[in-house]
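Participant: Mind looking over this structure? Questions follow.
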Amino acid sequence: MSLSAEVAARFEEMADLLEARGVEYKPRSYRRAAENVREHPTPVEDLVAEGVEAVERIDGVGEALAEKVVEYAETGDIEELAELRADLPVDMAALTSVEGVGPKTVGALYEALGVTTLDELEAAAEAGEIREVSGFGAKTEANIRENVPFARQAQKRERLGDARPVAEAIRDRLRGADPVERAELAGSLRRWRETIGDVDVLVASEDAPAAVDAFLDWDAVDDVIESGTTKASVRARGLRVDCRVVVPDEFGAALQYFTGSKDHNVHLRNIAIERDLKMNEYGVFDVSEAHRDADGRTASGAGADGDDQRAGRRVGGATEAEMYDALGLSLVPPELREDRGEIEAARAGRLPTLLAPGDLRGDLHVHTDWSDGTESVEAMIAAAAERGDDYVAITDHATGPGMVGGVGLNDDDLREQMAAVADAAGDATADIEVFHGVEANVDADGNLSVGDDVLADLDLVIASPHSALGQDRETATDRLVAAVEHPETDILGHPTGRRINDRPGLDPDLDRLATAAADANTALEVNANPHRLDLNDAGVRTAIEAGAPIAVDTDAHGVNEFDLRRYGVHTARRGWAETDDVVNSRPVASLSTFLA
Ligand code: DGT
Ligand code: CA
Ligand code: CA
Ligand code: ZN
């Protein structure tokens, strides 16, 4: 976590604690300050280095708060926060992660029942104690009981986009360490699952203890959970990180094993058994009679860790490809390893040729400072060109349901923007095709929030749901189908509106939606923002099976967010997407045909 993000999180915690104690106004100013600190273009550490006056340049941060920012940067703590925590010793983040439980509820339940943790909250609900507290009832109690398990689950899994950068930092650090020959991420992170339980890092080295030391030497380590001569687990930047060290000759076997998923590996192991083979983290071994020695052990180094498991004649293990090959399978890309038919496909030689990160030619969902983006049209075009993209679409928010604080453009603004985008495209020095579009809001009934005459004059129309995200399945499906069937819609943006670990969003009948999208030749978006990943992997798979086109877009609100593209690409890969399924992998001429 960056220092800015840490400060913002501490301010939000203070806001919650103050609110729980019934303090007025102050919580709002802390929350506003938190948001502005988080979004400020200059990292807090740079401002702190300049002095407290520089910190005060952040909107909503006056002298008192600026001093707290400096205090946190210098000491890692805020005294007032420590006092608030001592006064209300609750696990605020966990408790307020339960839907329907806010800081005020936490304060009231602590006063009345002494509830401090999720477990205690659940126990109180189960014992029928909550309904007895003034201001609470049986319905609230039932809701809490129902929502605690969901909160517990969400709480312990981290978003892919939060974990990846941390994991890549330790991987790269290990790659530079002397005793390390190879270092790779494994587990759910290598499979690019949308959330991850813990980070798994695998290292190849001839000197395991030295490699473990290199891992423990990482400056992000807050706490060593356990450590030994070949593995260690630590807590770093809020994540649990497991590191294992193997000899180079067994790296492929270990990488295959620790990448998982568990279901994928169990299925493989059963195939091995059918073939008189044994498969584990050390390799694939032929254990047919001819290759088994008297006591089932190999001759060398009896008694060492894993020796029983190394018995038999080894037929593979240095590389992952060898592991799959030994089972008569082609190498399965990590994103597919969920036991969802990939093993049958690998056996039949029918694995999909997945979309590759370099296949995308441009982004079709980009915001600028005309709506809630942070940069100008010119800057976003230049950044897209800089990346080597063939085209980019400028698609600011239209006004309408779900847009708050006057963020969106009305029809007149959009007409004005047409000229501005055309000018910017004309001025752009780089050779990049610029499309002008809009992200229109889909209202609760499936209508778009922009006039048909304006939609017809734009190059591209994204229709996105931003409001009424609690609709039932039937209503939500009707609504989204209406949006994809609108003659001007080219892309259905973030179709469910979910935010990972935050809100579930719509739960449409994806078969029906995808069929409608295929018939209307409207693309369904894979929004690459790691808070969204919407469609998700399963949604992509359904869309593709129905023949609906896919658009993988970053929804960038600033130039740095173009880097989020990879999360969309790998999510699409998890949904078995091939290059031809994705409209923004097409050359500009063929994309233009699609949009027309
Ligand atoms: P996570 O951390 O919950 O997001 O999911 P993973 O898949 O990273 O799981 P993790 O960290 O518990 O273990 C990493 C990999 O190690 C897992 O994907 C497969 C392998 N593994 C762990 N435990 C078992 C097991 O009991 N049996 C088998 N076959 N493989 C296992
Ligand atoms: Ca893991
Ligand atoms: Ca693990
Ligand atoms: Zn957007």
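The values are calculated or read from the model by the stated rules, or taken from the named source; none is laboratory data. Because the structure is a prediction, the values reported are computed rather than measured. As a convention, Cβ positions derive from the backbone with ideal geometry for all residues, glycine included, and neighbour counts pool all protein chains shown. What goes into the accessible areas is simple: the full protein's heavy atoms, side chains included, and nothing from ligands, DNA or RNA. Shrake-Rupley method; radii C 1.70, N 1.55, O 1.52, S 1.80 Å.
Participant: Rounded to the nearest 500, what is the chain's calculated 222 nm mean residue ellipticity when only DSSP H runs of at least 4 contribute -39500 (n - 2.57) each, over all residues?
Facilitator: Taken over the chain, the calculation gives -13000 deg cm²/dmol.
Participant: Set the Förster radius R0 to 22 Å, insert the Cβ-Cβ distance between Thr319 and Ala356 as r into 1/(1 + (r/R0)^6), and round the FRET efficiency to 0.05. Don't skip to the answer; put the middle values down first.
Facilitator: Values: r = 20 Å, r/R0 = 0.93.
Efficiency, from the Cβ-Cβ distance: 0.60.
Participant: Can you compute the radius of gyration and Dmax for segment 158-246, using only the Cα atoms, both in Å?
Facilitator: Cα only, segment 158-246: 11.8, 34 Å (Rg, Dmax).
Participant: Shifting gears a bit: How large is ³J(HN,Hα) for each residue in segment 95-105, as worked out from phi by the Karplus curve 6.51 cos²θ - 1.76 cosθ + 1.60 (θ = phi - 60°), to whole Hz, x for Gly and Pro?
Facilitator: Once θ is set to phi - 60°, the couplings for segment 95-105 become 5, 6, 7, 7, 4, x, 10, x, x, 4, 4 Hz.
Participant: What ranking, highest mean first, results for peptides 380-393, 496-509 when packing means the other Cβ atoms within 10 Å averaged over each residue?
Facilitator: Going from most to least packed, we get 380-393, 496-509.
Participant: Turning to a different aspect of this structure: May I ask you to evaluate 6.51 cos²θ - 1.76 cosθ + 1.60, the Karplus curve with θ = phi - 60°, for each residue of segment 277-282 and list the ³J(HN,Hα) values in order in whole Hz, giving x for glycine and proline?
Facilitator: 10, 10, 10, 7, 6, 9
Participant: In terms of Cα to Cα distance under 17 Å, which aspartates and glutamates are near enough to Lys139, apart from those fewer than 8 places away along the same chain?
Facilitator: Answer for Lys139, where 17 Å is the Cα cut-off: Glu99, Glu122, Glu126, Glu129, listed by chain and number.
Participant: Given R₀ = 56 Å, FRET efficiency for Val266-Val407 by Cβ-Cβ distance, to 0.05?
Facilitator: After rounding to 0.05, the efficiency reads 0.70.
Participant: If Lys and Arg each add +1 and Asp and Glu each add -1, what is the summed charge of the other residues whose beta carbon sits under 13 Å from the beta carbon of Ala518?
Facilitator: -4
Participant: Collect residues whose amide H, placed 1.01 Å from N in the peptide plane, falls under 5 Å from the amide H of Arg313; neighbours closer than 5 in sequence don't count.
Facilitator: Those qualifying (amide H under 5 Å, at least 5 residues apart or on another chain) are Asp286.
Participant: Please list, or write none, the lysines whose alpha carbon is within less than 29 Å of the alpha carbon of Lys278, excluding same-chain residues fewer than 8 places away.
Facilitator: Lys231, Lys262
Participant: Under a point spin-label approximation (7 Å from Cα along Cα-to-Cβ), what is the Ala86-Leu216 distance to one decimal in nm?
Facilitator: Going from the Ala86 label point to the Leu216 one covers 3.4 nm.
Participant: In what sequence, highest mean first, do 132-140, 568-576, 3-11, 433-441 appear when ranked by Cβ atoms within 10 angstrom?
Facilitator: The most tightly packed comes first, giving 568-576, 433-441, 3-11, 132-140.
Participant: Same structure, new question: At 1.002 mPa s and 20 °C, plugging the Kirkwood radius over alpha-carbon pairs of the chain into Stokes-Einstein gives what diffusion coefficient in µm²/s? Present the calculation step by step, with values, prior to reporting the outcome.
Facilitator: Working: Rh = 26.9 Å.
This corresponds to a translational diffusion coefficient of 80 µm²/s.
Participant: Tell me the Kirkwood hydrodynamic radius of segment 3-154 in angstroms, computed as one over the mean inverse distance between distinct C-alpha pairs.
Facilitator: 16.5 Å
Participant: What's the FRET efficiency of Lys139 with Ser2 using the Cβ-Cβ distance as r and R₀ = 30 Å, to the nearest 0.05?
Facilitator: Efficiency at R0 = 30 Å is approximately 0.15.
Participant: Leu535's amide H: which non-local residues (gap 5+, or another chain) put their own amide H closer than 5 Å, with H modeled 1.01 Å from N in plane and none for Pro or chain starts?
Facilitator: It is Glu525, Val526, Asn527, by chain and number.
Participant: Residue-wise, which Karplus ³J(HN,Hα) couplings in Hz belong to segment 337-347, taking 6.51 cos²θ - 1.76 cosθ + 1.60, θ = phi - 60°, and x for glycine or proline?
Facilitator: Along segment 337-347, the couplings run 7, 10, 6, 10, x, 6, 6, 4, 5, 5, 5 Hz.
Participant: With no solvent and one point on each alpha carbon, what is the Debye value of log10 I(q)/I(0) for segment 357-595 at q = 0.12 Å⁻¹?
Facilitator: These q points yield log10 I(q)/I(0) values of -0.58.
Participant: Can you list residues from other chains, or at least 5 along the same chain, whose modelled amide H is less than 5 Å from the amide H of Val221?
Facilitator: Answer set, sorted by chain and number: none.
Participant: Tell me, how many Å apart are the Cα centres for segment 371-441 and for segment 122-161?
Facilitator: Measuring centre to centre over Cα atoms gives 43 Å.
Participant: Got a number for carbon plus sulfur as a percent of the chain's accessible area, 1.4 Å probe?
Facilitator: 44 percent
Participant: Going by accessible area, probe 1.4 Å, with all protein chains left in place, what is the ranking of Thr319, Thr542, largest first?
Facilitator: From most accessible down to least: Thr319, Thr542.
Participant: Kindly identify segment 489-596 as rounded, prolate or oblate by the Cα gyration tensor criterion: order the square roots of the eigenvalues as a ≥ b ≥ c, call it rounded if a/c is under 1.5, otherwise compare a/b with b/c, prolate if a/b is larger, else oblate.
Facilitator: Oblate is the answer for segment 489-596, as a/c is 1.5 or above yet b/c matches or exceeds a/b.
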